[in-house]
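The values are calculated or read from the model by the stated rules, or taken from the named source; none is laboratory data. This is a predicted model, so every value here is computed, not measured. So basically every Cβ, Gly included, is an ideal-geometry build from the backbone, and we count neighbours across all protein chains shown. With ligands, DNA and RNA removed, areas are computed over all heavy atoms of the protein, side chains included. Shrake-Rupley method; radii C 1.70, N 1.55, O 1.52, S 1.80 Å.
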Amino acid sequence: MSVTPVTPNTDAVLDAAKRCVERWGMAKVTIDDIAADAGVSRATLYRLFPGGKDVLYDAMRVRELEEFFTRLTGLVDGVDDLDELLVRIVVAATSELRSDQHLAAMLASSPGEVAGELTLDGLPRIIRMATVFLAPLVADHLPRAEAARLVELLGRLVISYFLAPSEHVDLGDPESARVFLSTFVLPAFHPETTWS
């Protein structure tokens, strides 16, 4: 897949696609709906996103992930203690997911597609983005390879607990997250730990 250059028209189309998906659900939205909402012709939309809806939706997902991890990085910037950094990452990520109105609308209209995007289909992309944005913060405390593994684990945990909430663990609550991480995650990631 080629990366679509960001232009004012590209942003307008991505914004329109997001609005249309929130309104009607991903499966029901047509290229014509998006073009009309964005105020561009169908031909312009196809010039911006050769390949149509699939390429446009991929670009929308990438932009949303970049925005998500940019916000998340801003919320944890400047934390010097590894334990506190991990708690803040998990709590902030969980809170962001829970308060995301677009995601809530998508879950209501197309739960299977959204679950697929957060797990089977989209998880590799989410993990890559999490690694790009968060592993450098964790790498201040752990070797680079361990930092990447820890960020992957945190991403998988946050998504899992978001999609299937637990009555025992609330990763959106700082104290619950702290107990969970200190008991089940942090002991495996001490600097002296080596991975094969």
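P(r) for the chain, from all Cα pairs and a bin width of 10 Å, is 8, 33, 31, 18, 9, 1 %, short bins first. Amide hydrogen proximity for residue 110: with H placed 1.01 Å from N in the peptide plane, no residue at 5 or more positions away or on another chain lies under 5 Å.
Rolling a 1.4 Å probe across the protein heavy atoms gives the chain an accessible surface of 53 Å² per residue. Each residue of the range 77-88 is assigned a 3J(HN,Hα), and the resulting list reads 4, x, 7, 9, 9, 4, 4, 5, 4, 5, 4, 5 Hz, derived from the Karplus form 6.51 cos²θ - 1.76 cosθ + 1.60 (θ = phi - 60°), x at Gly and Pro. Charging the Cβ of each Asp and Glu at -1 and of each Lys and Arg at +1, and nothing else, the dipole of the range 1-105 about its Cα centre rounds to 660 debye. In the range 22-120, the portion of solvent-accessible area held by carbon and sulfur atoms comes to 54 percent [1.4 Å probe, whole percent, DNA, RNA and ligands not counted].
Note on the chain: dipole from Cβ charges, positive end direction compared against 13, 151, 161; the farthest Cα belongs to 13. The distance from the alpha carbon centre of the range 92-158 to that of the range 8-30 is 22 Å, rounded to a whole number. Sequence-ordered 3J(HN,Hα) estimates for the range 170-180 from the Karplus curve with 6.51, -1.76 and 1.60 and θ = phi - 60° stand at 10, 6, x, 9, x, 5, 4, 5, 4, 5, 4 Hz, glycine and proline given as x.
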